[in-house]
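Please read the structure below before turning to the comments.
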Amino acid sequence: AEFVLPVTPETTARVSALLQRLGLEKKKFIAVSPVALWDTKLWNDAKFAKLADDIQQQLKIPVVFTGHSKELLDKITTQMTTEAVNLGGQTSLTELACLYSNALLVITTDSGPMHLAAAAGTPVVALFGPTDPNRTGPYGAGHTVLRTGIPCSPCFKKKCETRQCMEDISP
């Protein structure tokens with residue numbers, strides 16, 4: 001299936017200007033979306049920080065964090081030893097789609113941004129715990145799903161004592 005996103009020339013120009021201002025080149029950065037509506041879909045902030053540091057130090061690829069709140073993302077970026085870009089709250093939905101289409105890869109939880117990145121045609125690495133990737137995507141070719149496969153997953157619970165299915169995923 002093909003997903004058409006209503007990205008206007010103005011949106012493309014705004015995102016191009018943003019990338020230029022940040023010193024980022026098309027397809028030469030990785031976007032990370034650590035957000036999700038369910039608590040049980042969230043990964044650990046320290047693990048996201050370690051993953052971003054590893055990407056920047058070992059792969060020499062800049063990391064750009066996206067989400068609805070700069071303050072939420074600051075909880076991750078302040079734990080990092082390298083500098084990442086925090087675009088929390090700075091993009092509209094269509095700008096985010098355009099940003100994702102310019103990314104080399106998007107690393108995300110099972111969330112709206114995961115679907116947006118897949119629809120934008122960018123490879124996704126999706127972290128799955130309580131939900132079933134066979135039911136909720138990411139849809140299309142070229143995506144990778146990381147999950148632990150513990151017996152209780154998928155459970156589709158929004159509350160969990162241990163959140164073990166997400167905790168067991170390592171950077």
Go through region 53-86 and give me each residue that's in contact with a Pro (Cβ under 9 Å, 6 or more places away or on another chain), surrounded by 15 or more Cβ atoms within 10 Å (Cβ to Cβ) and under 22 Å from GLY23 (Cβ atoms). ASP53, ILE55, GLN56, PHE65, THR66, GLY67, LEU73, ILE76, ALA84, VAL85
Of the criteria (1) assigned to a helix (DSSP H, G or I); (2) out of contact with any Leu (no Cβ under 8 Å at 6 or more places or on another chain); (3) under 16 Å from VAL35 (Cβ atoms), which one ASN134 fails: (3)
Go through the residues of region 116-124 one by one and say whether even a single one is surrounded by fewer than 20 Cβ atoms within 10 Å (Cβ to Cβ) and out of contact with any Gly (no Cβ under 8 Å at 6 or more places or on another chain). no
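Being in contact with a helix residue (DSSP H, G or I) (Cβ under 8 Å, 6 or more places away or on another chain), touching a residue at least 12 places away in the same chain (Cβ under 8 Å) and surrounded by fewer than 18 Cβ atoms within 10 Å (Cβ to Cβ): is that true of SER153 here?
no
Checking the conditions here, which among LEU105, LEU99 is at pLDDT 95 or above and surrounded by fewer than 23 Cβ atoms within 10 Å (Cβ to Cβ)?
LEU105
The values are calculated or read from the model by the stated rules, or taken from the named source; none is laboratory data. As the structure is a computational prediction, the values presented were derived from the model and not from experiment. Cβ atoms come from the backbone with ideal geometry, glycine included; neighbour counts cover every protein chain shown.
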